[in-house]
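Single-structure report; data block below.
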Amino acid sequence: MVIVDPTAWIDYLRGVENPQTPWRDRQLERRRLGLTDFILGEVLQGIRNERDCVHSLIAAFCLHGRHELLHRDRDLDGFEKVLGLKVVHPAP
C-alpha cells in the first residue's frame, strides 16, 4: 500500500493536474492507495460543504471497518472507484 499525502488527495479531489496525477491514475488499478486518520482529517478540512464532509466520514468509517455500504448517492461513487469502498449493488 502507498500512503498518499493530504496535498495529493486534496489536489485529486479538486481535479488539479500535477506531476503526481498521472502516477496516481496509473496506480489506482495496480495497488492500494491509502491514508491515515491524520491525513483524512486534513483532507476533510479542505472540504467546502457539510454534505461532502458527511459522505467522507461515512466512507472512511466503512473503509476502516471493512464494511460494505448500501447507498444511492452518486457522490459516493468515487470512494468505490478510487479507494475501493465495498458497495452493495442490489439486483433490480
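Out of all the residues in region 54-92, which are among the acidic types (Asp, Glu) and over 19 Å from LEU13 (Cβ atoms)? Give the steps one after another, and end with the answer.
Let us first name the residues in region 54-92 that are among the acidic types (Asp, Glu), namely 68, 73, 75, 77, 80.
Answer for region 54-92, where residues must be among the acidic types (Asp, Glu) and over 19 Å from LEU13 (Cβ atoms): just GLU68.
Output the qualifying pairs, or none if there are none: Cβ atoms under 6 angstrom, residues six or more apart or on different chains, first residue in region 47-75 and free of Cβ contacts under 8 Å to residues at least 40 places away in the same chain, second residue among the aromatic types (Phe, Trp, Tyr).
ALA59/PHE79
For region 11-62: of the residues being acidic (Asp, Glu) and farther than 12 Å from PHE79 by Cβ, which is modelled with the highest pLDDT? Reasoning before the result, please.
Here is the first cut: in region 11-62, the residues acidic (Asp, Glu) are 11, 17, 25, 29, 37, 42, 50, 52.
Cutting the leftovers down to farther than 12 Å from PHE79 by Cβ gives us 11, 17, 25, 29, 37, 42, 50.
On the way: ASP11: 81, GLU17: 88, ASP25: 83, GLU29: 80, ASP37: 78, GLU42: 77, GLU50: 71.
Only one residue tops the list, namely GLU17.
Filter region 76-92 for residues that are assigned to a loop (DSSP other than H, G, I, E, B) and exposed (fewer than 12 other Cβ atoms within 10 Å of the Cβ); which is modelled with the lowest pLDDT?
First, pick out the residues of region 76-92 that are assigned to a loop (DSSP other than H, G, I, E, B): 84-85, 88-92.
Cutting the leftovers down to exposed (fewer than 12 other Cβ atoms within 10 Å of the Cβ) gives us 88-92.
On the way: VAL88: 92, HIS89: 88, PRO90: 85, ALA91: 82, PRO92: 76.
The residue in question is PRO92.
Looking at THR36, is it in contact with a helix residue (DSSP H, G or I) (Cβ under 9 Å, 6 or more places away or on another chain) and of a type in the set (S, T, N, Q)?
Numbers: in contact with a helix residue (DSSP H, G or I) (Cβ under 9 Å, 6 or more places away or on another chain): no; of a type in the set (S, T, N, Q): yes.
No.
Determine whether region 53-75 contains at least one residue that is touching a Pro at 6+ places or on another chain (Cβ under 9 Å), surrounded by 17 or more Cβ atoms within 10 Å (Cβ to Cβ) and not aromatic (Phe, Trp, Tyr).
Filtering region 53-75 down to residues touching a Pro at 6+ places or on another chain (Cβ under 9 Å) leaves 70.
Among the residues that remain, those that are also surrounded by 17 or more Cβ atoms within 10 Å (Cβ to Cβ) are: none.
No, every residue in region 53-75 fails to be touching a Pro at 6+ places or on another chain (Cβ under 9 Å), surrounded by 17 or more Cβ atoms within 10 Å (Cβ to Cβ) and not aromatic (Phe, Trp, Tyr).
The values are calculated or read from the model by the stated rules, or taken from the named source; none is laboratory data. The structure displayed is predicted, hence computed values, not measured ones. Glycine gets a Cβ as well: all are built from the backbone with ideal geometry, and neighbour counts include every protein chain shown.
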